[in-house]
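Following: one structure in structure tokens, then a few remarks.
Derivation of every value follows stated rules applied to the coordinates shown; laboratory data play no part. Keep in mind it's a predicted model, so treat the numbers as computed, not measured. Cβ atoms come from the backbone with ideal geometry, glycine included; neighbour counts cover every protein chain shown.
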Amino acid sequence: MTIQFSTVARNAALDSIESVVGATPVLEIRTEAVPANCAAADSGALLVSLSLPADWMAAAAGGSKSLAGSWTAAASAAGVAGHFRVKQGATCHVQGTITATGGGGDLTLDNTSIAVLQNVTITEFTLTAGGA
């Protein structure tokens, strides 16, 4: 049998992620595949580095937690977005895949083919707790 958690427990676990990562982390959008885990070295070229708002995620509800505020920044390099990392300092706390809107990635962009100085907008980012 799979372990299950109440919605309240799942929401609390998700809200703790934002607390552990801290206020105003940096979201990096990079080329290539996601590294094996958050402890692995950065891979791919850095396309966009975006300082997230102090309260960067909305309060968890229904076992999921979504981005808060506006996540937009100008790209510093050109390439195709492949993965993202959310960091506090040099420490990666969250990472995942990137696709265009509707593509099913962990984070979605309005356009994954990025040009220098292009405004990059994150259109969807949701964390969902397991154990439902």
Filter segment 116-132 for residues that are closer than 15 Å to Thr72 by Cβ and touching a residue at least 40 places away in the same chain (Cβ under 8 Å); the one that is surrounded by the most Cβ atoms within 10 Å (Cβ to Cβ) is Phe125
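Check whether at least one residue in segment 104-116 is under 22 Å from Gly22 (Cα atoms) and in a loop (DSSP other than H, G, I, E, B), and report yes or no.
Keep residues of segment 104-116 that are under 22 Å from Gly22 (Cα atoms), which gives 106-107.
Pick out the ones that are also in a loop (DSSP other than H, G, I, E, B) and you get 106.
Yes - at least one qualifying residue is present in segment 104-116.
Taking the criterion of being more than 10 Å from the chain's Cα centre (by Cα), basic (Lys, Arg) and crowded, with 18+ Cβ neighbours inside 10 Å, would at least one residue in segment 21-30 satisfy it? Step through it out loud before you land on a result.
If we filter segment 21-30 for residues that are more than 10 Å from the chain's Cα centre (by Cα), which is where we start, we get 21-25, 30.
Remaining after also requiring basic (Lys, Arg): 30.
Pick out the ones that are also crowded, with 18+ Cβ neighbours inside 10 Å and you get 30.
Yes, segment 21-30 contains a residue that is more than 10 Å from the chain's Cα centre (by Cα), basic (Lys, Arg) and crowded, with 18+ Cβ neighbours inside 10 Å.
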Per the filter on segment 36-83, residues over 18 Å from Leu117 (Cα atoms) and part of a strand (DSSP E or B) are Met57, Ala61, Ser64, Lys65, Ser66, Leu67, His83
Taking segment 86-102 and keeping residues out of contact with any strand residue (DSSP E or B) (no Cβ under 9 Å at 6 or more places or on another chain) and not in a strand (DSSP E or B) leaves Ala90
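Take the conditions over 14 Å from the mean Cα position of the chain (by Cα) and surrounded by fewer than 19 Cβ atoms within 10 Å (Cβ to Cβ) and apply them to Gly44. Does it pass? Quick ask: steps written out before the conclusion?
Details: over 14 Å from the mean Cα position of the chain (by Cα): yes; surrounded by fewer than 19 Cβ atoms within 10 Å (Cβ to Cβ): no.
Criteria not met by Gly44.
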